[in-house]
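Chemist: One structure, pasted below without further comment.
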Amino acid sequence: MSVQETLERTNRAGGVPTAALPHDDDGNAAGTGRGGVEKVAIENAAQSASASLAPRRAKRRMPEPLKRWGVRLLAIVVAIGIWHYLTAVDFNYVMNFENVPEPLVVANSFIGHVQTGEFYIHVLVSIKRILIAYSFAVVLGILIGLLMGRSRLAEDFFIPYIEVLRPIPAVAWIPLAILMWPTEESSIMYITFLGAFFPIVINTVHGAEQTPEVLVRAAQSLGASRVEIFWHVVIPAALPSIAAGLAIGMGVSWFSLLAGEIISGQYGIGYFTWNAYSLIEYPNIVVGMLVIGGLGTLSTYLVKLATQPLLRWQKAERGR
């Protein structure tokens with residue numbers, strides 16, 4: 001078979017036209033023997049196949065963040081659907097949903113509350129208490145945790161207090177907090193502080209203890225002092241655990257706030273929820289619970305967002 005006939009067959013099979021190739025003086029395609037023609041045909045077929053498949057693949061791909069948020073929204077929709085079904089049929093087997101308000105009733109109650117100024121006062125008072133108590137917990141928790149993680153003396157001194165007080169639930173602190181502190185406000189902040197303090201200090205101790213000794217020895221061999229090692233080696237190595245403790249502590253602080261605000265007789269989203277229970281206002285109970293959950297989720301996300309710049313080195317290592 002001549003070169004010209006092979007090129008014509010390649011053209012009919014989807015290759016480039018023969019006229020598109022350079023020719024020599026005899027009319028044959030320049031630079032193509034029998035093996036060259038076969039190579040050109042294979043390359044052209046591969047290019048045409050990849051060109052036809054590329055748009056299809058691009059259409060099927062979905063951005064990863066969009067996909068993840070889609071799954072999360074789907075989970076919320078499924079939960080609301082199950083909630084609606086159980087309340088609509090008055091499910092009463094193991095769990096009793098006969099008195100649980102339906103999602104639409106709770107939504108109407110929430111819309112009614114957000115149109116009043118008093119509801120925002122409850123929210124703002126709770127946020128103020130969280131910020132003050134959580135700030136104290138962060139400072140003391142990280143400081144004591146770092147000392148315990150790198151000093152046996154500090155660990156032996158603080159560990160009895162932490163291990164004895166940590167299992168005590170926030171509700172159990174209410175009577176003693178009233179006796180210890182002069183005002184209701186300080187009692188609420190104290191209980192909220194305890195909820196955030198223990199997760200922060202425990203995670204900080206874990207992070208400081210897990211500092212690689214090879215890094216400490218390398219810093220010592222370079223002439224670094226104990227203070228420099230503590231600041232430039234121990235603290236950066238403990239940052240992932242500290243960040244986890246900060247996020248966990250924020251969530252637990254909202255849990256403790258609900259218990260603490262039972263003391264209060266005026267404002268706070270925890271007081272709002274407890275007062276709704278006392279008045280048998282079932283939709284308001286769920287509204288208060290969902291608002292606490294939403295505020296807790298938002299504040300935890302903000303804590304993670306604030307700690308991300310301190311953990312950029314983790315992403316750099318993963319990128320390698």
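Derivation of every value follows stated rules applied to the coordinates shown; laboratory data play no part. What you see is a predicted model, and the numbers here were worked out from it, not measured in a lab. Neighbour counts are summed over all protein chains in view; Cβ atoms, including those assigned to glycine, are modelled from backbone coordinates with ideal geometry.
Chemist: Could I have the simple spin-label model distance between Arg217 and His84, label points 7 Å from Cα toward Cβ, reported in nm to one decimal?
Modeler: Calculated label separation equals 6.3 nm.
Chemist: Separate question: Give the peptides 248-258, 100-110, 161-171 in descending order of average Cβ contacts within 10 Å, highest first. Mind dumping the intermediate values first?
Modeler: On the way: 248-258: 23.3, 100-110: 16.9, 161-171: 12.5.
The packing order, highest mean first, is 248-258, 100-110, 161-171.
Chemist: Then there is this: Could you compute the net charge surrounding Arg150? Neighbours are other residues with a C-beta less than 14 Å from the C-beta of Arg150; K and R count +1, D and E count -1.
Modeler: On the way: positive: Arg152, Arg226; negative: Glu155, Asp156, Glu209, Glu213, Glu228.
For residues surrounding Arg150, the net value is -3.
Chemist: Rounded to the nearest 0.05, what FRET efficiency do Val227 and Tyr301 give with R0 = 35 Å and r taken as the Cβ-Cβ distance? Could you check? Could the numbers behind the result be given before it?
Modeler: Numbers: r = 34 Å, r/R0 = 0.98.
Result of the calculation: an efficiency of 0.55.
Chemist: Obtain the nm distance between the two label points defined at Val71 and Ser278 by a simple spin-label model: each point lies 7 Å from its Cα along the Cα-to-C-beta direction.
Modeler: 4.4 nm
Chemist: With a 10 Å Cβ neighbour count serving as the proxy for reagent exposure, in which order, fewest first, do His122, His206, His232 appear? The partial results should precede the final answer.
Modeler: Working: His122 23, His206 17, His232 13.
The fewest-first ordering by Cβ neighbours comes to His232, His206, His122.
Chemist: Please report Trp181, Trp69 as a ranked list, fewest other C-beta atoms within 10 angstrom at the top and most at the bottom.
Modeler: Ascending number of Cβ neighbours within 10 Å: Trp69, Trp181.
Chemist: Among Arg68, Arg129, what is the fewest-to-most ranking by other Cβ atoms within 10 Å? Don't skip to the answer; put the middle values down first.
Modeler: Details: Arg68 11, Arg129 25.
So the ranking, lowest neighbour count to highest, is Arg68, Arg129.
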